[in-house]
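The values are calculated or read from the model by the stated rules, or taken from the named source; none is laboratory data. Since the model is a prediction, treat every value here as computed from it, not as a measurement. All Cβ positions, glycine included, derive from the backbone under ideal geometry; neighbour counts span all protein chains shown. Remember, those area values only see protein heavy atoms, side chains included, never the ligands or the DNA or RNA. Shrake-Rupley method; radii C 1.70, N 1.55, O 1.52, S 1.80 Å.
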Amino acid sequence: MAATMDADIGAALQNTLLEAIAQRTPLRIAGGDSKSFYGRVTQGEHLSVAGHRGVVSYEPTELVITARAGTPLADIEALLAEHGQALPFEPPHFGAGSTLGGAIASGLSGPRRPYAGSARDFVLGVTVLTGKGEILRFGGQVMKNVAGFDISRLLAGSLGTLGILLDISLKVLPRPETEKTLVFECSDAEAIQCFNTWSSQPLSAALFGNGRLYLRLSGSVAAVHAARGRLGGETIADATTFWAEVRDHRHSFFDDDVPLWRLSLPPATPPLDLPGAWLLDWGGAQRWLKTSASAEAIRETAAKAGGHATLFRGGDRHSEVFHPLSPSAAALHKRLKAEFDPQAILNPGRMYRGF
Amino acid sequence: MQISSTHDTSSLDKPALISALHRLLPGDSVLFEREDLRPYECDGLSAYREVPLAVCLPQTVEQVREVLRLCHERNVPVVARGAGTGLSGGALPLSNGVLLSLARFMSILEIDPVNRVARVQPGVRNLAISQAAAPYGLYYAPDPSSQIACTIGGNVAENSGGVHCLKYGLTVHNVLGLKVLTIAGELLEIGGAALDAPGYDLLALMTGSEGLLGVIVEVTVKLLPKPERAQVVLAAFDDVVKAGEAVGRIIGAGIIPGGLEMMDNLAIRAAEDFIHAGYPVDAAAILLCELDGANEEVSEQILRVRQLLQEAGATEVRTARDEQERARFWAGRKAAFPAVGRISPDYYCMDGTIPRKRLPEVLSRIAELSREYDLPVANVFHAGDGNLHPLILYDANKPGELERTEEFGGKILDLCVAVGGAITGEHGVGMEKINQMCHQFAPPELAQFHSVKHAFDPQGLLNPGKAVPTLHRCAEFGAMHVHGGKLSHPGLERF
């Protein structure tokens, strides 16, 4: 089937899964397969969700879109843009084929995250094919829903290890009336201070790298103009491209074969004493580090600062790439995995060894 | 009504359990005499009452752990409780269980103004967090109406909302970290001051889990800078449908108000009689639209919203002239529940959510049902996020009226599900809506909820019988009545 046609292949995916359950065949789930570099190496038969695509419903004034998991992110963003709206968490596109399902299953968010919220924050409901072969619906298409456990958001970021996302409902928001990006020259320590002392300004992104601090202001023309007056700095041309490159790791910083680490930290954490090149995003809360330092040293430093570290790209992807869990948390994860995927055939080992 | 878990505790030696609890806790931290247990027999849903076997009031995390371990070992159910302001019977005790009060965990452990987080114990009141953060120009956004009394631990357990959810989110969007004890007494540390945590999103799973998965012993919340300015516009309409359309126009124009509330005529009149907020009592509906943010932005949006409201056919549009008038406009809305309580001996508050565009048909169907059941309804609506609070007016002293009210309420929730909404937007399922869960979810989905519960609490000891019905219960539901009740804490503001 051509993967450019809207189609509901939920039943076919269910049949394939039921067969895999019967045969105990591990599956490697993919949408656009643009994030195959992410997570641990997983063995399994390739199961493509890309054919399950199309927007199921979109009501701009309800601020809700529901689409099938294989729908390309670019299609969704273009549709939203026609109505002056956007996905507020700015999901990264690690390839032209990046899909909605992949964005939610990975739970990754772009530069706007600290100010707008994360991928999981905007999930309102999902239809999921669990490892038991059942198609289940959780959450819904309304903003507020506290009936039952929040399984929709549990699935966000679970890397397909608990179920195959079929349909996803997201809250969307209006695009800001205007945006302006300012640049300042300063040190990393000064940048971290600015990120945090300027938190009441209408920020929508804050980045530091190579001696430069970049702030994106968003909001009404009057508010952005006023903030610009207060903050000073120079404006940059083609800011849209700049932030898209940061978001999608096409920025020159990421053009390297050295292992890339992602440190998630309390935003005001002072510069950390680890060797390598840094790019500070999310107002200091997400820090990219290119380094050959040992995993142990990086994790210890991140944990001591109150955060955690992920081997995001490159390096040894057969060992653990995500921050090790405490024994009690790891045991709970295994029990949860078993309750969703008793045969352990969905992306086995993609997140952690053993589940 | 008699509520007990399905656990066979017939062999339970109560005196032995009490003396074991006494070995773990100081004398004044274990209550077991009937008169001492009475204050704990219900939460905010006072129609459901049950005296627990014992009440524990630990003061340290270690004590909570020891109590849980003991109950785990002896197979005794445990119900956790914060301030007991919940509206769905989530903290209703079990006659054969221990009620675990977290009321003594009242310390704000840390306000970190630079990272903009607060680390607090679960018994800290919601409003106390914002008060402690105020000197730094920060606040905690979710503001359930009971915020002067309700605790953050209870807010997390219920995923509480408030009037600012559309813009600032629910509790789940504003909590960064939790420390949780499992029934086996294991401490789980989930998240912290960073924006995310490794592994599955247990933070989302715990939030709104109604005390079924673990006992929350510490919470790290996100603090936001206080908006530079907030201003409210009041618009009157001669038709609720027009008011509903106005909401769509505002959001369609790309404006996300800090608060967007609707009241119908009965709610307007009740509130005006009580508070004298200056509401137009002839209006079929009013909208309150609060705009907040940078000064310049608010000025622009006020003009735009006034224009949109007029285009939508508002008969009157007023902008609060000053902070006093703004407070007065809100006071009427915030007092809507007690105001309705003044015009009726009893009222029953529903909490359904609907896609906003279905509002006209839902309201007209509620009006039809109101005539059918011969019970008046006042509608108060978080219009921005589709969370409807119909208040059914009844008199519990009239024979059969409570039963009629309960049946009517159940039909409203079924209606919400039928139009694509949910049976509860912010009050939780608890004991109250346990049967409606059978309408909201199919058996395999309910079974998956039980599977999740099983991963945390295989013996089913934490708050058993609440939030998620057994499949057996759903099968029997056809013959059962939905039980409702009236609010206690009548003086608290309710949204």
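Some observations on this one:
- Cα gyration tensor shape for chain A, rounded if a/c is under 1.5, else prolate or oblate: oblate
- Folded to 0 to 90 degrees: helix B:401-418 orientation relative to chain B principal axis, Cα: 80 degrees
- Note on B:355-363: average number of Cβ atoms from other chains within 10 Å of each residue's Cβ is 2.
- Counting Cβ atoms of other protein chains within 10 Å of each Cβ in A:323-335 and taking the mean gives 4.
- About its Cα centre, chain A has a charge dipole of approximately 760 debye under the convention of +1 per Lys or Arg Cβ and -1 per Asp or Glu Cβ, with nothing else charged.
- Peptide B:448-454 has a mean shielding of 6, counted as Cβ atoms of other protein chains within 10 Å of each residue's Cβ.
- Residue-wise HN-Hα coupling along segment B:360-375, computed from phi with Karplus coefficients 6.51, -1.76, 1.60 (Hz; x: Gly, Pro): x, 5, 5, 5, 6, 5, 5, 4, 4, 4, 4, 5, 4, 8, 6, 9
- Among A:G315, A:G31, A:G283, residue whose mean-square fluctuation peaks in a GNM of chain A (springs only between Cα atoms under 10 Å): A:G315
- The H on the amide N of A:T71, modeled in the peptide plane, is under 5 Å from the matching H of A:G54, A:L100, A:G101, each at least 5 residues off or on a different chain.
- Loop sites in segment B:281-366: trypsin sites (Lys or Arg not before Pro), DSSP, at most 14 other Cβ within 10 Å: B:R321
- Accessible area that becomes buried as A packs against B, both chains, 1.4 Å probe, Å², nearest 100: 6000 Å²
- Relative contact order for chain B, counting Cα pairs under 8 Å that sit 6 or more residues apart, in percent: 16 percent
- Between 0 and 90 degrees, the angle of helix B:295-311 with respect to the longest Cα principal axis of chain B falls at about 70 degrees.
- Alpha-carbon centroid distance for the pair segment B:324-369 / segment A:32-89, whole angstrom: 37 Å
- Looking at the protein assembly as shown, the accessible area is 35 square angstrom per residue; that uses a 1.4 Å probe and ignores ligands, DNA and RNA.
- DSSP beta bridges in the protein assembly as shown [antiparallel fraction, %, rounded to 5]: 90 percent
- Relative contact order of chain A, pairs being alpha-carbon contacts under 8 Å that are 6 or more residues apart, as %: 19 percent
- Mean residue ellipticity (222 nm) of chain B, computed from DSSP H runs ≥ 4 via -39,500 (n - 2.57), nearest 500: -10000 deg cm²/dmol
- Whole-angstrom gap from segment B:194-218 to segment A:194-249, using each part's C-alpha centre: 33 Å
- Most mobile of A:A344, A:A331, A:A205 in a GNM of chain A (Cα contacts under 10 Å): A:A331
- Mean residue ellipticity, 222 nm, helices only, chain A: the sum of -39500 (n - 2.57) across DSSP H runs of n ≥ 4, divided by residue count and rounded to 500, is -7500 deg cm²/dmol.
- Less than 5 angstrom separates the built amide H of B:G208 from those of B:A157, B:E158, B:N159, all sequence-distant by 5 or more or on a different chain.
- Unit charges on C-beta of K, R, D, E only; dipole of chain B, Debye: 320 debye
- Dipole of the protein assembly as shown, positive direction: furthest Cα of A:C186, A:A309, A:Y58, with charges on the beta-carbon: A:A309
- Under 13 Å from the A:V55 label point (7 Å along Cα→beta-carbon), backbone N, segment A:86-101: A:86-87
- About the Cα centre, charge dipole magnitude for segment B:129-226 (Lys/Arg +1, Asp/Glu -1 at Cβ), debye: 360 debye
- Segment B:420-473-segment B:107-126 distance, computed between alpha-carbon centres (Å): 31 Å
- Rounded to 10°, Cα long-axis angle of helix A:73-82 versus longest principal axis of chain A: 60 degrees
- Short-range pairs are left out: with C-alpha atoms under 8 Å and at least six residues apart, the relative contact order of segment A:8-57 is 45 percent.
- Packing-based ranking of A:92-102, B:409-419 yields A:92-102, B:409-419, ordered from highest to lowest mean Cβ neighbour count within 10 Å.
- Here's how it looks for A:I29: its modeled amide H is under 5 Å from those of A:L47, A:N347, which are all 5 or more places away or on a different chain.
- Selection from B:I216, B:Y140, B:V156 lying farthest towards where the dipole of segment B:99-254 points positive, charges on Cβ: B:Y140
- Bins of 10 Å, starting at 0 and running to the largest distance - Cα pair percent for the protein assembly as shown: 2, 13, 23, 26, 21, 11, 3, 0
- Within the accessible area of segment B:265-415 (1.4 Å probe), percent carbon and sulfur: 48 percent
- Taking a ≥ b ≥ c as the square roots of the Cα gyration tensor eigenvalues, segment A:67-176 comes out prolate, since a/c reaches at least 1.5 and a/b is larger than b/c.
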